[in-house]
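What follows is calculated from the coordinates using simple rules that are stated; it is not laboratory data. Nothing here was measured: the structure is a model prediction, and the numbers come from that model. A quick note on method: Cβ atoms are made from the backbone with ideal geometry, for glycine too, and the neighbour counts reach across all protein chains shown.
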Amino acid sequence: MALYSDVIRERFRQPRFRGTLERPDVTGEDVNPLCGDRIRVQARVQGDRLTEGRWTGDCCAISAASADVLLEMLAGQPTARARELTPASILERLDSDIRPSRMKCVALPLTVLQAALAREGRP
Amino acid sequence: MSLGERCRPDFPILTRAVNGHPLVYLDSAASSQKPASVIEAIQRYYETSHANVHRSIHTLGEEATERYEAARDAVRAFIGARTREEIVFTRGTTESLNLVAQAVGRTLRPGDEIVVSELEHHSNLVPWQMVCRDRGTVLKAIPLLPEGYLDLDAYARLLSPRTRMVAVAHVSNVLGTINPAAQIVEQAHRVGALVCLDGAQAVPHLPVDVTAIGADFYAFSGHKMLGPTGIGVLHGRREVLERLEPAWGGGEMIKEVWIDHAQWNDLPWRFEPGTPPIAGAVGLHAAVEYLGKLGMAQVSAHEQALTAAALDALAPIPGVTLYGPRNPEMRGAVVAFNVEGLHPHDGAALLDQRGIAVRAGHHCAQPLMKRLRIAGTLRASFSVYNTIQDVQRLAEGVAALREAL
């Protein structure tokens with residue numbers, strides 16, 4: 001398995017969920033202490049469902065792909081699904097041989113979104 | 001045969017492969033590799049002479065003490081210090097700098113000023129921020145000129161009778177800028193300020209004469225100069241060390257102790273509480289001997305040639321931005337750069353796939369990154385064992401980066 005899988009390269013070059021939302025219900029932002037990268041995740045929530053999400057950030061290909069895959073996985077899903085997700089489930093989608101030193105890059109978008117949902121009191 | 005080709009066989013780790021490629025190690029500014037003589041000296045010490053130093057009245061204790069103190073003499077000679085009392089062993093540059101900040105910090109009053117620079121490594125910045133927090137002192141920073149030189153006119157304007165400490169790097173760990181150490185010291189002394197130089201990126205690469213430079217404190221690490229981790233040096237001018245209270249208490253730093261007070265030991269042990277890194281000192285001694293045999297002028301010339309070659313090889317690659325002075329004579333053995341559209345960590349990971357080890361990120365110099373308006377850089381750095389072939393492999397790897405993702 002390669003470090004930079006086809007999934008990562010494709011999502012890095014042509015992200016599908018990169019951007020911002022007008023009037024998002026949930027916004028979260030945090031920094032990766034390893035590199036100082038900053039990532040912001042926004043989502044719109046209707047009832048108990050996350051209808052759509054967008055991310056922005058100057059970040060590495062792994063964080064970018066992770067954010068993109070994450071928002072694809074959660075679009076239209078119950079917000080509770082976001083809470084259950086683990087970095088391992090994103091890693092599976094990325095199909096990549098990520099070393100422990102880069103796992104923070106995989107996990108960052110998910111932890112940002114989870115913290116933002118928790119802050120808004122979403123289930 | 002170049003110095004790099006002559007040295008390579010002395011470094012066992014350089015024979016290994018990484019990701020199926022012969023290792024090209026270009027991260028010596030973070031930590032250098034070790035020659036066999038250093039590894040063997042540490043092993044020999046543990047196999048034949050290990051015991052605690054100074055207090056053990058038995059043969060091994062005496063041998064260990066002898067080795068430890070011999071290392072001090074070797075370091076003294078290597079950096080041109082006047083006396084062995086001026087050489088304090090620590091665990092590394094960071095501990096040396098914290099020692100100075102603690103000990104000097106205690107003598108400062110609210111409103112006193114500490115001058116740092118925008119290119120400092122966090123280890124010569126954060127300890128001074130802590131002093132300011134605890135003592136009410138004020139931190140000022142020397143700004144940078146384009147290309148990464150210190151703005152010495154601005155420095156002159158920052159100095160005043162309120163300045164009590166000037167803490168700057170001798171050589172920048174990112175830009176490579178060699179700062180005019182002696183001039184910085186001279187100007188600071190004129191207003192009565194002390195000077196603490198971070199020499200972590202200087203001593204491994206340049207001839208350094210601490211007496212000629214004249215700083216009150218000069219800090220460096222063993223592991224960046226072919227020695228082991230866990231050993232560092234603080235050179236302090238004797239007359240300054242003598243009037244300072246020790247930073248930390250413990251065994252060995254005392255002459256006599258009562259239940260409510262203690263009398264301090266002589267220099268340099270006053271500043272070395274607890275069991276010191278004895279094996280580290282033995283290893284550093286071997287490293288200093290290795291570098292001494294090569295000659296630091298030759299080391300410096302060799303690394304400068306590699307730096308110049310790297311700047312020449314990287315500059316024409318599309319999308320590459322280089323940082324730091326363009327004149328290789330004005331810089332140490334580091335080359336920081338970015339590739340357009342590529343995060344430094346992705347760049348480093350992709351180079352690693354080719355067996356090329358470089359550093360990526362903010363290099364513990366976030367204020368400098370903010371000044372340059374970047375999140376981080378890639379950084380290739382050189383040591384005695386690098387060759388022009390290493391520079392070529394780097395350039396090939398960097399040229400392929402933009403297509404790799």
Leading residue at positive end of dipole, chain B (Cβ point charges), from B:PHE217, B:VAL131, B:TYR68: B:VAL131
Kirkwood Rh over alpha-carbon pairs of the range B:285-403, then Stokes-Einstein at 20 °C and 1.002 mPa s: what D in µm² s⁻¹, rounded to an integer? 143 µm²/s
Does the range B:1-150 come out rounded, prolate or oblate, given a ≥ b ≥ c as the square roots of the eigenvalues of its C-alpha gyration tensor, rounded meaning a/c under 1.5 and, failing that, prolate meaning a/b above b/c? oblate
Note to self: C-alpha centroids of the range A:15-73 and the range B:337-405 sit apart, in Å, by 27 Å
Given the candidates B:ASN179, B:ALA297, B:ILE231, the one whose Cα lies deepest towards the positive end of the charge dipole of the range B:179-306, counting +1 at each Lys or Arg C-beta and -1 at each Asp or Glu C-beta, is B:ALA297
Given Cβ point charges of +1 (Lys, Arg) and -1 (Asp, Glu) and nothing else, what value in debye, to the nearest 20, does the dipole of the protein assembly as shown about its Cα centre take? 1000 debye
For chain A, how big is the tail of P(r) above 24 Å, as a whole percent of Cα pairs? 18 percent
Can you compute the modelled spin-label distance between B:ALA156 and B:ARG238, with each label point 7 Å from Cα toward Cβ, in nm? 3.4 nm
Among A:LEU108, A:LEU34, A:LEU50, which one shows the highest mean-square fluctuation when chain A is modelled as a Gaussian network with alpha-carbon springs under 10 Å? A:LEU34
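Which of rounded, prolate, oblate describes the protein assembly as shown, given a ≥ b ≥ c as roots of the alpha-carbon gyration tensor eigenvalues and a/c under 1.5 marking rounded, otherwise prolate only if a/b is larger than b/c?
On the way: a/c = 1.81, a/b = 1.54, b/c = 1.17.
Prolate.
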May I ask you to derive the relative contact order of the range B:199-322, considering only C-alpha pairs under 8 Å and at least 6 residues apart, and to give it as an integer percent? 23 percent
So for chain B, averaging the separation of alpha carbon pairs under 8 Å that are six or more residues apart and normalising by length, what relative contact order in percent results? 24 percent
Using θ = phi - 60° and the Karplus relation 6.51 cos²θ - 1.76 cosθ + 1.60, list the HN-Hα couplings for the range B:106-115 in order, rounded to whole Hz, with x at every Gly or Pro. 4, 8, 8, 10, x, x, 4, 10, 10, 9
Compute the Rg to Rh ratio over chain B from the alpha carbon atoms, using the Kirkwood formula for Rh, and round to two decimal places. 0.98
Under unit Cβ charges (Lys, Arg +1; Asp, Glu -1), what dipole magnitude, rounded to 20 debye, does the range B:312-405 have relative to its Cα centre? 380 debye
Tell me whether the range B:163-255 comes out rounded, prolate or oblate; compute the Cα gyration tensor, take square roots of the eigenvalues as a ≥ b ≥ c, and use a/c under 1.5 as the rounded threshold. oblate
Counting C-alpha atoms alone, how compact is the range B:195-333: give Rg to one decimal and Dmax as a whole number, in angstrom. 19.7, 69
Take the Cβ-Cβ distance between B:GLU62 and B:LYS370 as r, set R0 to 45 Å, and report the resulting FRET efficiency rounded to the nearest 0.05. 0.30
From other protein chains only, count the Cβ atoms within 10 Å of every residue's Cβ in B:282-292, then give the mean. 0
With springs only between Cα atoms under 10 Å apart, run a GNM on chain B and tell me which of B:HIS302, B:HIS223, B:HIS261 wobbles the most. B:HIS261
What FRET efficiency, computed as 1/(1 + (r/R0)^6) with R0 = 30 Å and r the Cβ-Cβ distance, is obtained for A:THR51 and A:GLU92, rounded to the nearest 0.05? 0.80
Helical mean residue ellipticity (222 nm; -39500 (n - 2.57) per DSSP H run of 4+; nearest 500) of chain B: -11500 deg cm²/dmol
List the aspartates and glutamates whose Cα sits under 12 Å from the Cα of B:LYS224, skipping any in the same chain fewer than 8 residues away. B:ASP27
